[in-house]
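Engineer: Below you will find the structure I want to go over with you.
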Amino acid sequence: MKTYNVSINGELKTSTDTFEVKNPATDEVIGFAPISNEEEVKEAIEAAKAAQKDWAAQSDKYRKGKLMEAAKVLEDNTEYLAQWITKEQGKAMAGPGSMFEMQACVGWTQVPASLDLPVEVVFEDEARRDELHRKPVGVVGAIAPWNWPLMIAIWQIMPSLRAGNTVVIKPSEYTTIGTLEMVRLLNTVLPAGVLNSIAGGGKVGAMLVESKDVDKIMFTGSTSTARKIIEASGNNMARLTLECGGNDPAIILPGTDMTSKAGDLFWGAFINQGQTCACAKRLYVHENDYENVINILNDVSGQMAMGNGMDEGVLLGPIQNKMQFDKVVDLVEDAKANGARVIRGGKATGGAGYFYPITLIADVDNGSRIVDEEQFGPVLPIIKYKTVEEAIQKANDTRTGLGASVWSDNIDEATKVAQQIESGTVWINQHGAIHPMVPFGGVKDSGYGVEFGIEGLKSVTQPRVISIKK
Ligand code: NAD
């Protein structure tokens, strides 16, 4: 079985220290991933540092051109990389799965290639002119999670490169090979040292974030890891963009016709088997509509095939790893033991792979673990409310604040409610509908800093003022 390689300074590096990578749908070993040692991490950071000045000195036009070449590489290798995503991460090739993730990789590469940060004159009078220039930060350390492994890596890599930074990326230990292969392919069009990869678990990630030669960390993952990165930045002053977990509420306003919206709500909650940072993870429904909404969602859920994501017709795959699978089982068992009503699912499928069916849970409330904790799996607790004020209060009763949604036939009413939700984004009649031009980030424990669009590009730059006496 093949051992895959990291890319450092444009070259592939083999390693004798490796770990097994398994397919979560079959439990079969699909390859070996390398584990970087301290020397290799240093080598990758040094390569990025050495390449950064030349890369930054190139024109915007040149770097935009390189990103467009990178987008073409992703397009040409869509099927190959999508298959890695499915084999390694579990999501289906079809539907909003791996091919969709690859299309997103292309889009999130082309969009930063189209953006500019021109010099701004921030003040001018007869005595002086003050200009704000945007400079690259330097070396960006990118730490990625396992749920959307390639797409999130691209979110971190492409704006950084566009702005003139160089990158060292460490993929999640659960989804290493696809990312290493993507970096290898991107290196066929990027100058040596501009994009480097290292591999391994949290220890390897810590070596990257603690380095004195890393200037900015782009992190997506859990709040607990984010806290460790914040601590490390106390020593190296690395700038941070932290995209952490969420426990997004979705509120259906009283009397809303959900028949036409049920498909969007389903995918808003269950895309990637619910293993998405900005999935609807708690659904608040008015008491008069409660049973009707449950029935509508139950009907839609019954139409979605789950299985090995490589098989035709399959839209939903397994949970990605045992740690996450055990967490989902534990939360559902806790809900059942405390009197929750299981509408569908609620018991692991059994057999090979970490399959857990789409699970709808009724008659639960804030205060129960399935509502208060991010389940990050194919489970949706449905909570009954009497007044909209109560729904808003319960939606905000959490330490997280990544996304949220309000569902209504009256956009003005929905907007009024949206204004009162404490989260980075509130979607109306959609959930998790991110876009490469629209800033995305969290409040409270969901992190700080934003990605995407002009704001995201600014976040991988350093402002420099040039102040001229007239
Ligand atoms: P995680 O925090 O366990 O791991 C994320 C990455 O951090 C991995 O690459 C891991 O190896 C690395 N890491 C672990 N310890 C480290 C350390 N001390 N220093 C540096 N790196 C370290 O998270 P996960 O389980 O991979 O991801 C799931 C979480 O990510 C969920 O909570 C989810 O909501 C969140 N998430 C957020 C977003 C977002 O954009 N806000 C997107 C996807 C996932």
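The values are calculated or read from the model by the stated rules, or taken from the named source; none is laboratory data. Note that the coordinates shown come from a computational prediction; the quantities given were computed from them, not determined experimentally. Ideal geometry is used to build each Cβ from the backbone, glycine not excepted, and the neighbour counts take in all protein chains shown. What goes into the accessible areas is simple: the full protein's heavy atoms, side chains included, and nothing from ligands, DNA or RNA. Shrake-Rupley method; radii C 1.70, N 1.55, O 1.52, S 1.80 Å.
Engineer: Rank these residues by their accessible area, most exposed first, probe 1.4 Å: MET207, MET218, MET93.
Structural biologist: In descending accessible area the options line up as MET207, MET93, MET218.
Engineer: Per the helix-only calculation at 222 nm, which mean residue ellipticity applies to the chain, given -39500 (n - 2.57) for every DSSP H run of n ≥ 4 and division by its residues, nearest 500 deg cm²/dmol? Don't jump to the answer; show the numbers that get you there.
Structural biologist: Details: 15 runs with 178 residues, N = 470.
Rounded to the nearest 500, it is -11500 deg cm²/dmol.
Engineer: Now a separate question. If you count only protein heavy atoms with a 1.4 Å probe, what accessible area per residue comes out for the chain, rounded to a whole Å²?
Structural biologist: 40 Å²
Engineer: Hull surface divided by four, with the convex hull built on the Cα atoms of region 248-435: how many nm²?
Structural biologist: 10.3 nm²
Engineer: A follow-up question, please. Could you tally the net charge around LEU150, taking each other residue with its Cβ under 12 Å from the Cβ of LEU150, Lys/Arg +1 and Asp/Glu -1?
Structural biologist: Summing Lys and Arg as +1 and Asp and Glu as -1 gives -2.
Engineer: Step through the residues of region 236-247 one at a time and calculate ³J(HN,Hα) from phi using the Karplus curve (6.51 cos²θ - 1.76 cosθ + 1.60, θ = phi - 60°), rounding each to whole Hz and writing x for Gly and Pro.
Structural biologist: Whole-Hz 3J(HN,Hα) from phi for region 236-247: 9, 6, 4, 6, 10, 10, 10, 10, 10, x, x, 9.
Engineer: Tell me the angle of helix 176-186 to the major Cα principal axis of the chain, expressed in degrees between 0 and 90 and rounded to the nearest ten.
Structural biologist: On a 0 to 90 degree scale, this one is about 40.
Engineer: Only Cα pairs under 8 Å and at least 6 apart count here; give the relative contact order of the chain as a rounded whole percent.
Structural biologist: Relative contact order here is 19 percent.
Engineer: Compute the distance from the alpha-carbon center of region 290-363 to that of region 212-279, in whole Å.
Structural biologist: 21 Å
Engineer: Tell me, what HN-Hα J-couplings in whole Hz come from the Karplus equation 6.51 cos²θ - 1.76 cosθ + 1.60 at θ = phi - 60° for each residue of region 142-155, using x for Gly and Pro?
Structural biologist: 10, 10, 10, x, 9, 7, 10, x, 7, 4, 5, 4, 5, 4
Engineer: Ranked from highest to lowest mean number of other Cβ atoms within 10 Å per residue, what is the order of the peptides 283-292, 425-434, 193-202?
Structural biologist: Going by the mean number of other Cβ atoms within 10 Å, highest first, we get 193-202, 425-434, 283-292.
Engineer: Taking square-rooted eigenvalues a ≥ b ≥ c of the alpha carbon gyration tensor, is region 18-117 rounded, prolate or oblate, where a/c under 1.5 means rounded and, failing that, a/b exceeding b/c means prolate?
Structural biologist: Oblate.
Engineer: As I understand it, the value is the acute angle between the Cα axis of helix 60-76 and the longest principal axis of the Cα atoms of the chain; what does it come to in degrees, rounded to 10?
Structural biologist: Result, in degrees: 50.
Engineer: Then there is this: Going down the list LYS2/LYS22; LYS91/LYS347; LYS203/LYS228; LYS87/LYS170; LYS87/LYS228, which pairs span over 22 Å between their C-alpha atoms?
Structural biologist: Working: LYS2/LYS22 13 Å; LYS91/LYS347 20 Å; LYS203/LYS228 11 Å; LYS87/LYS170 19 Å; LYS87/LYS228 30 Å.
Going by Cα-Cα distance, LYS87/LYS228 fall outside the 22 Å limit.
Engineer: Could you give me the ³J(HN,Hα) list for region 45-51, computed from phi with Karplus coefficients 6.51, -1.76, 1.60 and θ = phi - 60°, whole Hz, x at Gly and Pro?
Structural biologist: Result, ordered by residue: 5, 4, 4, 5, 5, 5, 7 Hz.
Engineer: Within the set of other residues whose C-beta is less than 12 Å from the C-beta of TRP407, count the net charge using Lys and Arg as +1 and Asp and Glu as -1.
Structural biologist: -4
Engineer: Compute the distance from the alpha-carbon center of region 185-210 to that of region 67-135, in whole Å.
Structural biologist: A separation of 18 Å, based on Cα centres.
Engineer: Further question: To the nearest 0.05, how large is the calculated FRET efficiency for LYS203 and GLN303 if R₀ is 45 Å and r is the Cβ-Cβ distance?
Structural biologist: 0.55
Engineer: Now, a different point. Please give me the summed charge of the neighbours of MET99: other residues whose Cβ is under 12 Å from its Cβ, Lys and Arg +1, Asp and Glu -1.
Structural biologist: Numbers: positive: LYS91; negative: GLU75, GLU79, GLU101.
My count for the surroundings of MET99 gives -2.
Engineer: Also, I was wondering about something else. Mind grabbing the accessible area of VAL29 for me, 1.4 Å probe, Å², rounded to tens?
Structural biologist: 50 Å²
Engineer: What is the dipole size for region 231-374, taken about its Cα centre, with +1 at each Lys and Arg Cβ and -1 at each Asp and Glu Cβ, in debye to the nearest 20?
Structural biologist: 260 debye
Engineer: Now for a different question. Where both partners of a DSSP beta bridge lie in the chain, what percent of those bridges are antiparallel, to the nearest 5? Working shown, then result.
Structural biologist: Working: 29 of 65 bridges.
Restricted to the chain, the bridges split so that about 45 percent are antiparallel.
Engineer: Amide H to amide H under 5 Å from VAL6: which residues, 5+ apart in sequence or cross-chain, H placed 1.01 Å off N in plane?
Structural biologist: Hits under the 5 Å cutoff: LYS13.
Engineer: Something else about it: Please give the FRET efficiency for GLU131 paired with THR188, using the beta carbon to beta carbon distance and R0 = 51 Å, rounded to the nearest 0.05.
Structural biologist: 0.85
Engineer: Ok, one more. Under a 5 Å amide H to amide H cut-off, with H placed in plane at 1.01 Å, what residues pair with LYS22 once short-range neighbours are removed?
Structural biologist: ILE30
Engineer: Let me ask you something else. Between LYS135 and residues 5 or more places away or on another chain, which pairs have amide H atoms under 5 Å apart, with H built 1.01 Å from N, and which residues are they?
Structural biologist: GLN462, ARG464
Engineer: Quick one: helix 98-114 against the long Cα principal axis of the chain, what's the angle to the nearest 10°, folded into 0 to 90?
Structural biologist: Compared with the principal axis, the helix lies near 40 degrees.
Engineer: Hey, if we sort GLU28, GLU39, GLU374 by accessible area with the 1.4 Å probe, largest down, what's the order?
Structural biologist: GLU39, GLU28, GLU374
Engineer: When DSSP assigns beta bridges and you keep just the ones with both residues in region 248-435, what percent turn out antiparallel, to the nearest 5?
Structural biologist: On the way: 3 of 21 bridges.
Within region 248-435, antiparallel bridges account for around 15 percent of the total.
Engineer: Which trypsin sites (Lys or Arg not before Pro) in region 1-99 sit in a loop by DSSP (not H, G, I, E or B) and have at most 12 other Cβ atoms within 10 Å of their own Cβ? Don't jump to the answer; show the numbers that get you there.
Structural biologist: On the way: sites: LYS2, LYS13, LYS22, LYS42, LYS49, LYS53, LYS61, ARG63, LYS64, LYS66, LYS72, LYS87, LYS91; in loops: LYS2, LYS91.
Filter output for region 1-99: LYS2.
Engineer: Mind running the shape call on the chain? Use the C-alpha gyration tensor, a ≥ b ≥ c as the square roots of the eigenvalues: rounded below 1.5 for a/c, prolate if a/b tops b/c, oblate otherwise.
Structural biologist: oblate
Engineer: Now, a different point. Name the residue from VAL329, ASN292, PRO439 whose Cα lies farthest towards the positive end of the charge dipole of the chain, charges +1 on Cβ of Lys and Arg and -1 on Cβ of Asp and Glu.
Structural biologist: After comparing all options, I get PRO439.
Engineer: Using only the heavy atoms of the protein chains and a 1.4 Å probe, how would TRP55, TRP267, TRP146 rank by accessible area, largest first? List each step's numbers first, then the result.
Structural biologist: Working: TRP55 5, TRP267 55, TRP146 25 Å².
Correct descending sequence by accessible area is TRP267, TRP146, TRP55.
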